[in-house]
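Colleague: If you scroll down you'll find the structure; I have some questions about it.
The values are calculated or read from the model by the stated rules, or taken from the named source; none is laboratory data. Here the structure is a predicted model, which means the values were calculated and not measured. Note: ideal-geometry Cβ built from the backbone for every residue, glycine included; neighbour counts use all protein chains shown.
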């Protein structure tokens, strides 16, 4: 077994170091392992397996949510969000800095993508906050931290992938993401309030005094938030109203996004062409990664690697909490070299049997895994959200990582609390199914 495990890691990291795409790396590694250690007809097995994986019904939702994100990226939704949230955020210490967190939380409930959430909200909020004189450090840091909520607050692309690869109910995963997602957003907002109270200069002089908006401004803000509420009702309302499955709700969301884009004047022919190309490219990349991860996971299962690793970890006698703490450290280190999506698909076949053997609920572990993947989004040098913000601001990656550090610490602490109190994630799905 040791020879098989060593061979797997040598082949895997050799291809990664050689610059081969992650999807091909995973697929080729699994194929080589089966060719070396099992005498089976690989051509027929891999062809059948590719068909079974890529035609999984649960995966239908993924391209739909990606297409919806591409459509919304080309609308004026971010401007509407900022104008709509401003009167409400102005009631809190830190004022408009909260727009980043609230805006990302709301957009996360529409797009399902961390990168899209960071990009769309950041395009308007950063420029507006810096123009008004808010601290650049807090503006960038809060955007990077809150942008990760796109993975946790449903609908979430990465929860769909976890549900497919881990054979877990996607609807229950979506339900389980609500409470942790909004509690984490509340933790970010609490830090902004504490930080700005301790250091008032982070907020410009003209904005420090709390001003309660007029009723006319509140009504106007409600109108600006109308498209956002409409899209949330299209996606989440259809799921939890019992009108659609997650896959069908994704199609409803695309229709809603097209309506919003048409009303806002964003459905030009060049825009439609860019939407189609962007969606196809993203879907193709993710499909290749999912297929490669499935091939490697099946090869590992054929060879008994997950069971052997699970037995080894069990023999160490770690308490459940120590196991979770070790996994957090493991994923933080891994996040310095791999993006979050690759981390999930590469490690899930090995880690899933370990956490099941330790008695953890697969739904809870899905939320835990999304949280550590979110951390990978803001850990250099491969933190994807850091790259997105670098593209928006042209600041150095080291500077962006430094101002994001408090939000990374909050996420680590929140994940430990989730390990101690698993009902934070499990209460709502248990309540709705009772």
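Colleague: Quick one: which residue in 59, 97, 26, 45 is surrounded by 16 or more Cβ atoms within 10 Å (Cβ to Cβ), assigned to a helix (DSSP H, G or I) and either out of contact with any helix residue (DSSP H, G or I) (no Cβ under 7 Å at 6 or more places or on another chain) or free of Cβ contacts under 8 Å to residues at least 12 places away in the same chain (or both)? Outline the logic, then answer.
Modeller: Values: 59 fails: either out of contact with any helix residue (DSSP H, G or I) (no Cβ under 7 Å at 6 or more places or on another chain) or free of Cβ contacts under 8 Å to residues at least 12 places away in the same chain (or both); 97 fails: either out of contact with any helix residue (DSSP H, G or I) (no Cβ under 7 Å at 6 or more places or on another chain) or free of Cβ contacts under 8 Å to residues at least 12 places away in the same chain (or both); 26 fails: either out of contact with any helix residue (DSSP H, G or I) (no Cβ under 7 Å at 6 or more places or on another chain) or free of Cβ contacts under 8 Å to residues at least 12 places away in the same chain (or both).
That would be 45, the only listed residue that is surrounded by 16 or more Cβ atoms within 10 Å (Cβ to Cβ), assigned to a helix (DSSP H, G or I) and either out of contact with any helix residue (DSSP H, G or I) (no Cβ under 7 Å at 6 or more places or on another chain) or free of Cβ contacts under 8 Å to residues at least 12 places away in the same chain (or both).
Colleague: Now for a separate question. For residue 273, all conditions in the list (1) closer than 30 Å to residue 387 by Cβ; (2) in contact (Cβ under 8 Å) with a residue 12 or more places away in the chain; (3) surrounded by fewer than 15 Cβ atoms within 10 Å (Cβ to Cβ) hold save one; what is the number of the exception?
Modeller: (2)
Colleague: Kindly indicate the residue of the stretch 257-270 that is part of a helix (DSSP H, G or I) and either without any contact (Cβ under 8 Å) to a residue 40 or more places away in the chain or under 19 Å from the mean Cα position of the chain (by Cα) (or both) and also surrounded by the most Cβ atoms within 10 Å (Cβ to Cβ) among those meeting that condition. Steps first, please.
Modeller: Taking the stretch 257-270 first, the residues part of a helix (DSSP H, G or I) are 257-263, 269-270.
Filter once more, keeping what is either without any contact (Cβ under 8 Å) to a residue 40 or more places away in the chain or under 19 Å from the mean Cα position of the chain (by Cα) (or both): 259, 262-263, 269-270.
Working: 259: 16, 262: 12, 263: 14, 269: 7, 270: 8.
Ranking the qualifying residues of the stretch 257-270, first place goes to 259.
Colleague: Could you run through the stretch 120-136 and say how many residues are part of a helix (DSSP H, G or I), surrounded by fewer than 22 Cβ atoms within 10 Å (Cβ to Cβ) and touching a helix residue (DSSP H, G or I) at 6+ places or on another chain (Cβ under 8 Å)? It would help to see each step written out before you state the result.
Modeller: Of the stretch 120-136, the ones part of a helix (DSSP H, G or I) are 120-132, 136.
Those still in the list that are surrounded by fewer than 22 Cβ atoms within 10 Å (Cβ to Cβ) too: 123-124, 126-128, 130-132, 136.
Now drop any that are not touching a helix residue (DSSP H, G or I) at 6+ places or on another chain (Cβ under 8 Å), which leaves 123-124, 126, 128, 130, 132, 136.
Number of matching residues: 7.
Colleague: Okay, next question. Out of the stretch 29-39, which residues are in a loop (DSSP other than H, G, I, E, B) and either in contact (Cβ under 8 Å) with a residue 40 or more places away in the chain or closer than 19 Å to residue 350 by Cα (or both)? Break it down into steps so the answer makes sense when it comes.
Modeller: Our first condition is that a residue be in a loop (DSSP other than H, G, I, E, B); within the stretch 29-39, this holds for 38-39.
Of everything in the stretch 29-39, just one residue is in a loop (DSSP other than H, G, I, E, B) and either in contact (Cβ under 8 Å) with a residue 40 or more places away in the chain or closer than 19 Å to residue 350 by Cα (or both), namely 38.
Conditions (1) modelled with pLDDT of 80 or more; (2) in contact with a strand residue (DSSP E or B) (Cβ under 8 Å, 6 or more places away or on another chain); (3) within 25 Å of residue 11 (Cβ to Cβ); (4) not in a helix (DSSP H, G or I), marked per residue:
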| residue | (1), (2), (3), (4) |
| --- | --- |
| 282 | no, no, no, no |
| 286 | no, no, yes, no |
| 345 | no, no, yes, no |
| 348 | yes, no, yes, no |
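Colleague: Suppose we filter the stretch 150-178 for residues that are in contact (Cβ under 8 Å) with a residue 60 or more places away in the chain and under 19 Å from residue 407 (Cβ atoms); how many remain?
Modeller: 5
Colleague: Can you name every residue in the stretch 137-157 that is within 11 Å of the chain's Cα centre (by Cα), at pLDDT 85 or above and in a helix (DSSP H, G or I)?
Modeller: Pass one, the stretch 137-157, residues within 11 Å of the chain's Cα centre (by Cα): 146-157.
The next check asks that each one be at pLDDT 85 or above; those that pass are 146-149, 152-153.
Matches in the stretch 137-157: 146, 147, 148, 149.
Colleague: So, in the stretch 393-416, exactly how many residues are surrounded by fewer than 16 Cβ atoms within 10 Å (Cβ to Cβ), in a helix (DSSP H, G or I) and modelled with pLDDT under 90?
Modeller: 2
Colleague: Starting from residues that are without any contact (Cβ under 8 Å) to a residue 40 or more places away in the chain and either in a loop (DSSP other than H, G, I, E, B) or farther than 23 Å from residue 156 by Cβ (or both), keep the ones in the stretch 319-343 and report whichever is farthest from the chain's Cα centre (by Cα).
Modeller: Just the residues of the stretch 319-343 that are without any contact (Cβ under 8 Å) to a residue 40 or more places away in the chain, to begin with: 319, 322-323, 326, 329-330, 333, 343.
This time we only want the ones that are either in a loop (DSSP other than H, G, I, E, B) or farther than 23 Å from residue 156 by Cβ (or both), so: 319, 322-323, 326, 329, 333.
On the way: 319: 28, 322: 25, 323: 23, 326: 22, 329: 19, 333: 18 Å.
Only one residue tops the list, namely 319.
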